[in-house]
1. I need every pair where a residue in the stretch 249-276 that is touching a residue at least 60 places away in the same chain (Cβ under 8 Å) has its Cβ under 6 Å from the Cβ of a residue that is acidic (Asp, Glu), sequence separation at least 6 or different chains.
2. From Ala51, Ala56, Ala82, Ala73, which residue is closer than 20 Å to Gly119 by Cβ, assigned to a helix (DSSP H, G or I) and without any contact (Cβ under 8 Å) to a residue 60 or more places away in the chain?
3. Give the residue that is modelled with the lowest pLDDT, with candidates limited to residues of the stretch 248-276 that are out of contact with any helix residue (DSSP H, G or I) (no Cβ under 9 Å at 6 or more places or on another chain) and either part of a loop (DSSP other than H, G, I, E, B) or closer than 14 Å to Ile127 by Cβ (or both).
4. I want to confirm something. Restricting to the stretch 99-151 and keeping residues that are free of Cβ contacts under 8 Å to residues at least 24 places away in the same chain and in contact with a helix residue (DSSP H, G or I) (Cβ under 6 Å, 6 or more places away or on another chain), which single residue is nearest to Glu49 (Cα to Cα)?
Amino acid sequence: MSKKIFYRLTLILFPLFFLVSCMTTTTAAGNVGADRKQVMLVSEEEMNESANQAYAEVLAEAKKAGTLNTNQATLQRVQKIAKRLIAQTPVFREDALGWDWQVNVIKEDTINAWCMPGGKIVVYTGIIDSLNLTDGELAAVMGHEISHALKEHSRERASQSALQNLGVAATAALLGLKETGTQLLGIAAEYTLGLPFSRKHETEADHVGTELMARAGYDPYEAVNIWKKMEAVSGSSVPEILSTHPSHQSRINDLQVIAEKVYPLYQEAQKKGIAK
């Protein structure tokens, strides 16, 4: 083999070997089969550091505006539901219980909620009030957002963006520099708050979130109800939480299948008294 051919083969094969080495499974399968392989170039530590900074900034702005945790009854309700959901996360990730979970409510008309990497949760009163959410429906929303964090979708999207913008070799060199302060500043906010998740990620979060709520003692069919309500209020304008999501009807159909699959987990939770 000539040196020229060898060099060309190296250029072709090295990126493939590099990508394979960066592939990981972030969660166990659970009953919904959530063990998809993902390419992760950005480290978990760097993503969490950025998330902590972005979360602190969001809370600081809300506190300054007088919109942070203004209703203690609502805050306690949201935190109680979060506690039940978080208790079930080891089914997918054993390390999740050790995360620095934080749950806050911001008084704002936005129909949205999110969970940053590492378990930083914000629920806006707009989604609770506008949809008149039951506890089970709120658990469906929060379970979905928690699932994005469990599956590290923000980190995956940041890694995909790095590949697209820099190329494999350049990305490897960049990450080797560990210049977190300049290279990854704000990356968690960008990929959790700024840019919408892909349909694949949304469907995956629906599946994992529905299993979480069932295991926590919430009727998984309430995950179907929440998207029927979303469809009713969306009208001609799409709420932020629905941007680039699967169509209402396809999502409802899919969730009905998943709800049926995990319903026995809900029944088991009821027998164990988890819901009490």
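The values are calculated or read from the model by the stated rules, or taken from the named source; none is laboratory data. These numbers were taken from a predicted model, which means no experiment stands behind them. Here the Cβ is made from the backbone with ideal geometry for all residues, glycine too, and neighbour counts use every protein chain on show.
1. That search, which allows pairs on different chains as well, returns Val262/Glu211.
2. The unique qualifying residue is Ala56.
3. Residue satisfying both the conditions and the ranking: Lys276.
4. The extreme case among them is Trp101.
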